[in-house]
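Please treat every number below as a calculation from the coordinates, not as lab data. None of these values were measured; they are calculated from a predicted model. Cβ sites come from the backbone with ideal geometry, for glycine too, and all protein chains shown count toward neighbours.
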Amino acid sequence: MKKDKIIILHSSKQDGDMKNKVNFEHFIKQSKLIKNDKTKIKQMIQRHTNIVQVCTKNQDIYECDGLVSDSKDFVLMSYSADCLSLCFFDKDKKVFGIAHAGRKGVFEKISLNMIKKFQEVYNIPSSSLYLHIGVGICKKCYEVDTSLAIFAKNEFGEEFVKNNFIALKELVSSQVQSAGLKKENISISLQCSKCDEKYFYSYRKNHTPERFAYFISLA
């Protein structure tokens, strides 16, 4: 996907486990994400937090679940096997970011912390941001226990919970719109990591340790 000088792409099961160094390096080479000797991949040690950090030149691995940058030399990435990858960008100021958002991250509103970081560091209003909500588990597949479903209904609204199934993608979309991000600036992948098991890894499906990955960079 290429949007207004921003590149967003993801691997699939056919590319192999992105936690595997050989698979990872092959995908990076084939995708041509590395533009020159200055290009650096920025990764996260994902802990299901709502912590967001700004990428720096001298650090490539961050203990957080959200990254932002304005560098043409950086490629930001997240791992997934059901969790959502949230790809934010401002096409005019050329600032971009990625967040890993599982149920805990969505409930703790990492999407809003991403927006705050764009505002605080780059002076970008939420109305100027775009968001792509990537491949992840869909509302027909994400079933939780009754107590968690009741909590979600009370905290976020009945429209995001049907029986014991939670609509995480729709909840993120609602959260960012409440913070001023325009509905027309949001795109949502229709693919589900559990339904589309031929193409994606799903922890919910078989507790796999394997992961696909999302990448975002300036074109």
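Multiplying the residue separation of Lys205 and Glu120 by 0.36 nm and subtracting their alpha-carbon distance yields 26.7 nm.
Across all Cα atoms of segment 1-84, the radius of gyration (one decimal) and Dmax (whole number) stand at 13.0, 33 Å. The loop-placed trypsin sites (Lys or Arg not before Pro) in segment 9-100, going by DSSP, that have at most 10 neighbouring Cβ atoms within 10 Å of their Cβ come out as Lys32, Lys57. With the charge dipole of the chain set up from +1 on Lys and Arg Cβ and -1 on Asp and Glu Cβ about the Cα centre, the Cα lying farthest toward the positive end among the listed residues Ser178, Val144, Thr39 is that of Thr39.
Spacing of the modelled spin labels on Lys182 and Asn154, each 7 Å from Cα toward Cβ, amounts to 3.8 nm.
Listed cross-link partners Lys40/Lys117; Lys109/Lys162; Lys38/Lys93; Lys162/Lys205; Lys38/Lys116 are compared with a 26 Å cut-off, the Cα-Cα value being larger for Lys38/Lys116. Which entries of Lys13/Lys194; Lys169/Lys194; Lys32/Lys140 have Cα-Cα distances beyond 23 Å here? Listed pairs above 23 Å: Lys32/Lys140. Of interest is the spacing of the C-alpha centroids, which for segment 62-116 and segment 117-189 amounts to 14 Å.
Pairs of C-alpha atoms in segment 96-219 farther apart than 23 Å represent 34 percent of all such pairs. Contact order for the chain, expressed relative to its length and based on alpha carbon pairs under 8 Å spaced 6+ residues apart, stands at 28 percent. Within the same chain, aspartates and glutamates fewer than 8 places from Lys198 are excluded, and of the rest, those with a Cα less than 13 Å from its Cα are Asp15.
Taken about its Cα centre, the chain carries a charge dipole of about 500 debye when Lys and Arg each add +1 at the Cβ and Asp and Glu each add -1 at the Cβ. The alpha-carbon atoms of the chain define a convex hull whose volume equals 113 cubic angstrom per residue. Considering only Leu112, Phe27, Ser11, and ranking their Cα positions along the charge dipole of the chain that arises from unit charges at the beta-carbon of Lys, Arg, Asp and Glu, the one farthest toward the positive end is Phe27.
Measuring from each cysteine beta-carbon in the chain, the ones with no other cysteine beta-carbon under 4.7 angstrom are Cys55, Cys64, Cys83, Cys87, Cys141.
Positive contributions from Lys and Arg (+1) and negative ones from Asp and Glu (-1), summed over other residues with Cβ under 12 Å from the Cβ of Ala167, come out at +2. Say the cut-off is 18 Å between C-alpha atoms; which of Lys29/Lys91; Lys72/Lys94; Lys5/Lys57 go over it? Long pairs (Cα-Cα over 18 Å): Lys29/Lys91; Lys5/Lys57.
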